[in-house]
Amino acid sequence: MSEKNAVTVIGAGLAGSEAAWQIAERGVPVTLIEMKPGKYTPAHKSEGFAELVCSNSLRSDSPSNAVGLLKEELRVAGSLIMEAADATSVPAGSALAVDRMLFSAYVTEKLRAHPLIEIRSKEITELPQDGITVCATGPLTADALAADIRRLTGEESLHFFDAAAPIVSGESINYEKAFFASRYGKGDAQDYLNCPMNEAEYRAFYAALLGAEVAKLHDFESGDQALTVFEGCMPVEVMAARGVDTLRFGPMKPVGLPVPATGRDAYATVQLRRENRNGDMYNLVGFQTHLTFPEQRRVFRMIPGLENAEFYRYGVMHRNTYLNSPALLSSDYSMRKRPDLYFAGQMTGVEGYVESTGSGLVAGISAACRAKGEEALPFPAFTMLGAMAAYISDPSCTDFQPMNANFGIIEPLPARVRGGKKIRNEAYAEQALSYMKERFGQ
């Protein structure tokens, strides 16, 4: 393989790490460029690759769930990210959650040890003019590179806002009020802590949340798009403003979590998910927020059981950059007008950790095929990998929004399946995984 056939990957997040691994595993030299530790985004803190920022959960691990199917497809395809997640998992019921530090360290070590991967630490401010390149700089792409991408694509207003939830110390939780239980008894009872509220407690909390001070936006986060929020990661205060009971039908839904002392569901319940293997850190599920840090401490300590909560991390809100992909990209994540340039990760409009990984895998395989002079075999739309690729590259889409993996975007089954949603989803999974196992020799 000559040097000119090598591939450059920019960004060592989930998508970039996966892309680099897939390329190198196919015998193609890779230069993986990451700006850390010389420079960090507003959300990233550690030097390691594949740093998880918003949550430590990769969501459902059941193949009858859309993201669960996507994870299984990735496993079959030899995903480094899934290998790392399985090796560093922590209990989370039917979900797959990881110890963040162990996860990042695993990915970093594997990439640094690969003989075909060269790591360079520097900030890229402009995309290479030629050569096969995968740009996977993420939803927090640095300003200079984002400007260059906008220049190349001709698109404007390529950002929206996303939010991350707080993490509290397990030792600071009042276990006389909080109780362990998984919703409807699914999974290990130790996976989640629950903080129940009666009606008076809920209404007091709700009033305090509505009246709390919101953090000021940075200069780069102001403008016409400042209030555009992706529905799947909405700040809890924005959700609360939609109505007094909105939270009770969302992140504070009490159904399926009876209080041990009464045997009945509370008026509202806040769930806390274990953040690491030791069980000494808990994430407030669904409590992404843009409140100021003092207000988070004041308001969230009104939750029963969190009166003395110690916050390891406060919720934060970030600018997120993404492309108008249907107008720009093909189903292999390459630019239509420049096929040797690929994009991967949340900047393509796939939303979520696992989805970003999937885009990196597809882009990486496609880039490796191009470097070797081979035709890249597309993933069919009846797989979740192929369905996501088809969604982000559909030129008929005129109102493009980021999307999580879901069965609504997958190609319909050839014949109607009776027996309900679960049976139908299992049929989707069977068809997709049968194809993936045949393609990847399993």
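The values are calculated or read from the model by the stated rules, or taken from the named source; none is laboratory data. A quick note: this is a predicted structure, and the numbers were derived from the prediction, not measured. Counting neighbours? That spans all protein chains shown, and the Cβs are built from the backbone with ideal geometry, glycine included. We work out accessible area using only protein heavy atoms, side chains counted, and drop any ligands, DNA or RNA first. Shrake-Rupley method; radii C 1.70, N 1.55, O 1.52, S 1.80 Å.
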Over region 392-442: Rg over Rh, Cα atoms, Kirkwood Rh:
1.05
Mind listing the long-range amide H neighbours of residue 9? Cut-off is under 5 Å, sequence gap 5 or more, other chains count too, H placed in the peptide plane at 1.01 Å from N.
31, 32, 33, 134
Please give the calculated 222 nm ellipticity per residue for the chain, where each DSSP H segment of at least 4 residues contributes -39500 (n - 2.57) and the sum is spread over every residue; nearest 500 deg cm²/dmol?
-9000 deg cm²/dmol
Give a residue-ordered list of calculated ³J(HN,Hα) values for region 167-181 (Karplus: 6.51 cos²θ - 1.76 cosθ + 1.60, θ = phi - 60°; whole Hz; x for Gly, Pro).
10, 10, 6, x, 5, 8, 7, 8, 7, 6, 10, 7, 9, 7, 5
What the Cα atoms of region 25-82 span along the principal axes, largest first and in whole Å, is 42, 33, 12
Rank these residues by their accessible area, most exposed first, probe 1.4 Å: 125, 133.
125, 133
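Counting only heavy atoms of protein chains, what accessible area per residue, in Å², does the chain have with a probe of 1.4 Å? Before the final figure, lay out the partial values.
Working: 18490 Å² over 442 residues.
For the chain, the per-residue accessible area is 42 Å².
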Karplus-derived 3J(HN,Hα) from phi for region 29-40 (6.51 cos²θ - 1.76 cosθ + 1.60, θ = phi - 60°), whole Hz, x at Gly and Pro, runs x, 10, 9, 9, 10, 9, 6, 5, x, x, 8, 10
Out of 27, 315, 211, any idea which swings most in a Gaussian network model of the chain, alpha carbons joined below 10 Å?
211
At 37 °C and 0.692 mPa s, the Stokes-Einstein diffusion coefficient in µm²/s for region 250-303, with hydrodynamic radius from the Kirkwood sum on alpha carbon pairs, is 256 µm²/s
The answer for GluC sites (Glu not before Pro) in region 333-382 that fall in a DSSP coil and have at most 13 neighbouring Cβ atoms within 10 Å is 374, 375
Using r as the Cβ-Cβ distance of residue 400 and residue 47, and R0 as 41 Å, what FRET efficiency do you calculate, to the nearest 0.05?
0.75
So if each residue of separation counts as 0.36 nm, and I subtract the Cα-Cα distance between residue 120 and residue 143, what length gain in nm does that give?
6.3 nm
Value of D in µm² per second that Stokes-Einstein yields for the chain, Kirkwood Rh from Cα pairs, at 37 °C (0.692 mPa s)
145 µm²/s
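Can you flag which of 71/216; 71/177; 45/110; 45/372 are past 26 Å Cα-Cα? Before the final figure, lay out each step's value.
Numbers: 71/216 37 Å; 71/177 36 Å; 45/110 20 Å; 45/372 37 Å.
Beyond 26 Å between Cα atoms: 71/216; 71/177; 45/372.
At 1.4 Å probe size, with the rest of the protein present, what percent of the exposed accessible area of the chain is carbon and sulfur atoms?
Working: 9370 of 18490 Å².
C and S atoms contribute 51 percent here.
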Could you put 391, 175, 40 in order of accessible surface area, largest first, with the 1.4 Å probe and the full protein assembly present?
175, 40, 391
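Heavy atoms only, 1.4 Å probe, whole protein assembly: order 101, 335 by accessible area, highest first.
Numbers: 101 130, 335 5 Å².
In descending accessible area the options line up as 101, 335.
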